[in-house]
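Working notes, structure below.
The values are calculated or read from the model by the stated rules, or taken from the named source; none is laboratory data. Values in this document were obtained by computation on a predicted structure and should not be read as measured data. Positions of Cβ are generated from backbone atoms using ideal geometry, with glycine treated the same way; all protein chains shown enter the neighbour counts. Surface areas here come from the heavy atoms of the whole protein model, side chains and all, with no ligands, DNA or RNA. Shrake-Rupley method; radii C 1.70, N 1.55, O 1.52, S 1.80 Å.
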Amino acid sequence: MKKMTSETLEHSGFTVPYAAPSPLGVAWLRGEAVRFSEGENHRRRRLLTEHLLAQLTVVPVDGEDPATTVLTAMGMPTDLAEEVALAASGYQPHSPHSAAADEAVERLVAAFGVRDEVTAANICILVQSQAGVGALIQALRDKNEGPPILSTRRVDAAGTEVEVELHGAHFGRGHHACPGEHMGRILAAAAIR
């Protein structure tokens with residue numbers, strides 16, 4: 001796979017990998033995620049995600065799993081952290097996912113009570129608190145000053161998927177930059193204390 005630099009993230013000729021709409025499971029979550037959308041869907045979902053993040057008051061507990069902290073801030077049962085971890089394991093479109101991950105997403109949807117973009121955005125925030133913040137925690141523990149996640153993927157104008165290195169763009173760049181960077185840094189700092 002061709003490798004590109006982080007400047008690619010600001011180039012309008014590259015888009016995020018497409019996640020087709022789906023009725024259930026991990027595929028449903030991908031299809032509803034701000035991270036895997038462009039155009040009007042992305043703008044609407046980005047504003048929704050930013051709004052939901054602004055409503056959260058996270059109170060980190062030293063050493064606590066970030067997903068547990070975010071579940072608490074959302075007023076959700078903390079025993080859903082296992083479902084969050086399973087959902088995170090298959091979240092990326094290029095990653096295979098298991099039936100267990102699909103079932104975990106369905107249990108999360110049931111816990112939120114409705115299958116809509118708000119629920120999807122909340123689950124995506126939880127997934128990122130597990131996967132993205134988890135990677136940041138490991139980088140801090142290792143005293144690694146590079147990006148916690150080394151690369152992401154984009155699709156060029158010809159439809160070819162490329163790997164984009166995240167050096168110099170630890171939390172992304174451009175219109176898909178991570179909206180939860182501030183919260184992620186707070187959660188990671190608490191987790192390593």
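Numbers at a glance
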| read-out | value |
| --- | --- |
| Fraction of beta bridges assigned by DSSP in the chain that are antiparallel (%, nearest 5) | 65 percent |
| Å² per residue, accessible surface of the chain at 1.4 Å | 50 Å² |
| Dmax and Rg, reported as Rg then Dmax, of the stretch 1-80 (C-alpha, Å) | 16.3, 43 |
| Percentage relative contact order, the chain, counting C-alpha pairs under 8 Å, at least six apart | 32 percent |
| Packing rank of 178-186, 72-80, where each peptide gets the mean count of other beta carbons within 10 Å, highest leading | 178-186, 72-80 |
| Cα-centre dipole for the stretch 57-193 with unit charges at Cβ (Lys and Arg positive, Asp and Glu negative), debye to 20 | 380 debye |
| Peptides ranked, highest mean first, by Cβ atoms within 10 Å: ranges 63-70, 45-52 | 63-70, 45-52 |
| Heavy-atom accessible surface of the chain: percent carbon and sulfur, 1.4 Å | 55 percent |
| HN-Hα J in Hz across the stretch 13-23 - Karplus 6.51, -1.76, 1.60, θ = phi - 60°, x for Gly and Pro | x, 10, 10, 6, x, 6, 10, 5, x, 8, x |
| Convex hull volume of the chain per residue (C-alpha atoms, cubic angstrom) | 113 Å³ |
| CD proxy at 222 nm, helix term only [per DSSP H run n ≥ 4: -39500 (n - 2.57); per residue of the chain; nearest 500] | -15500 deg cm²/dmol |
